[in-house]
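Undergrad: The structure that follows is given in the form of structure tokens.
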Amino acid sequence: MTTTLAEPIVTAAQRQQYHTEGYMILERVIPEAMLQMLREECSYFIGYADAELDLQGKSSLGITHRGSRYFINNKYRLSQRLWRFIFSDVMAEVCRATIGDEAHLLHEQWVVKGPEQGMPFAWHQDSGYFHYYDQQNTHKPYLTCWCTLDDVNEENGTVYVLPHSRAGTRDTIFTHTRQEKTNDLVGYTGNDPGDPVIAPGGSIVAFSSYLFHRSGANTTKNMRRIYLPQYCATPLLKPDGSLCALGVPFLKDGKNVYDRDHDTAVNYGGHPGAK
């Protein structure tokens with residue numbers, strides 16, 4: 001499965017929008033073979049999550065709710081194929097255009113909304129999760145890549161973004177509070193509905209971890225499936241100096257330095273929340 005790019009996938013205008021407003025939309029940039037692989041892996045990990053719920057005799061764990069909404073975190077080492085996408089030329093270019101020539105894998109997860117009952121997800125900043133669990137955690141914005149396995153629209157629970165210029169989030173992590181019943185963290189309760197992302201499967205919505213975003217319910221008869229790797233320029237650390245998420249080297253001086261043979265769980269320092 002090759003990931004070599006025939007031509008750049010990020011334009012100067014898209015790069016500028018990311019740095020000014022906090023996000024950019026890259027339509028149909030995931031190669032078809034790789035997109036099919038992601039869909040197959042997603043099915044496997046949904047089964048994995050259901051088995052875990054069965055084992056514990058529960059219908060929900062954290063913000064995962066069986067059949068309605070799945071957040072399946074940091075399982076890529078259980079797959080023989082996912083690393084080919086996470087550390088691909090596609091993701092390398094997106095990282096270089098956003099966080100620069102130094103990049104580490106911070107976190108990765110599947111985000112799936114079930115058909116006709118998929119739950120919405122409240123306004124939040126991804127960095128708000130780190131800050132909620134550790135008030136002393138200050139870090140530069142990291143990169144979230146919202147990769148669409150299906151066409152996304154308002155009917156099936158797409159993501160809504162609130163640009164920096166309307167939310168004042170370019171340099172600020174807002175205080176988040178926990179929502180009862182769903183366990184979501186909420187950082188914005190204003191009246192701005194945000195801008196919905198309408199994009200085909202195989203697209204990447206790249207956004208800053210400081211950007212407010214939310215998603216709606218899935219009212220269609222099909223699942224809405226997203227794969228979401230996140231990258232940081234330098235690993236995020238706890239006060240004691242240990243990792244507070246993944247810290248897997250990816251880019252150094254702009255070059256891909258990922259070493260599959262030595263990628264082990266020693267790089268994993270846990271994670272304080274869902275995002």
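The values are calculated or read from the model by the stated rules, or taken from the named source; none is laboratory data. Owing to the predicted nature of the structure, the values given are computational and were not obtained by experimental measurement. Note that each Cβ is placed from the backbone with ideal geometry, even for glycine, and that neighbours are counted across all protein chains shown. Surface areas here come from the heavy atoms of the whole protein model, side chains and all, with no ligands, DNA or RNA. Shrake-Rupley method; radii C 1.70, N 1.55, O 1.52, S 1.80 Å.
Undergrad: Hey, can you tell me all the residues within the range 122-131 that are open to solvent by 10 Å² or more (accessible area, probe 1.4 Å) and either assigned to a strand (DSSP E or B) or without any contact (Cβ under 8 Å) to a residue 40 or more places away in the chain (or both)?
TA: Result: ALA122, TRP123.
Undergrad: Could you list, ordered by first residue, the pairs with Cβ atoms under 6 Å in which the first is in the range 64-84 and within 29 Å of ALA217 (Cβ to Cβ) and the second is assigned to a loop (DSSP other than H, G, I, E, B) and open to solvent by 20 Å² or more (accessible area, probe 1.4 Å), at least 6 apart or interchain?
TA: Correct list of pairs: ARG66/SER59; SER68/GLN117; SER68/MET119; ARG69/MET119.
Undergrad: Going through the range 132-171 one residue at a time, which ones are open to solvent by 40 Å² or more (accessible area, probe 1.4 Å) and either without any contact (Cβ under 8 Å) to a residue 40 or more places away in the chain or not in a loop (DSSP other than H, G, I, E, B) (or both)?
TA: Correct list: TYR132, TYR133, GLN135, THR138, SER165, ARG166, GLY168, ASP171.
Undergrad: Could you say whether any residue in the range 41-50 is open to solvent by 40 Å² or more (accessible area, probe 1.4 Å), touching a Ser or Thr at 6+ places or on another chain (Cβ under 7 Å) and more than 14 Å from ILE226 (Cα to Cα)?
TA: No.
Undergrad: Could you tell me whether the range 261-272 includes any residue that is closer than 28 Å to TYR70 by Cα, buried (at least 19 other Cβ atoms within 10 Å of the Cβ) and at pLDDT below 75?
TA: Yes, that holds for at least one residue.
Undergrad: Can I ask one more? Condition (residue is surrounded by fewer than 21 Cβ atoms within 10 Å (Cβ to Cβ) and outside any strand (DSSP E or B)) applied to the range 107-115: is it met by at least one residue?
TA: Yes; the residues of the range 107-115 include at least one that is surrounded by fewer than 21 Cβ atoms within 10 Å (Cβ to Cβ) and outside any strand (DSSP E or B).
Undergrad: Look at the range 51-100 and say how many of its residues are under 22 Å from VAL205 (Cβ atoms), in contact with a Ser or Thr (Cβ under 6 Å, 6 or more places away or on another chain) and surrounded by fewer than 19 Cβ atoms within 10 Å (Cβ to Cβ).
TA: Going through the range 51-100 one residue at a time, the tally reaches 1.
Undergrad: A further question on this structure: Residues to consider are ASN191, ASN222, ASN218; find the one that is in contact with a strand residue (DSSP E or B) (Cβ under 9 Å, 6 or more places away or on another chain), open to solvent by 50 Å² or more (accessible area, probe 1.4 Å) and farther than 18 Å from TYR129 by Cα.
TA: ASN222
Undergrad: Against the condition in a loop (DSSP other than H, G, I, E, B), touching a helix residue (DSSP H, G or I) at 6+ places or on another chain (Cβ under 7 Å) and under 21 Å from LEU211 (Cα atoms), how does VAL10 come out, does it pass?
TA: Taking the combined requirement at face value, the residue satisfies it.
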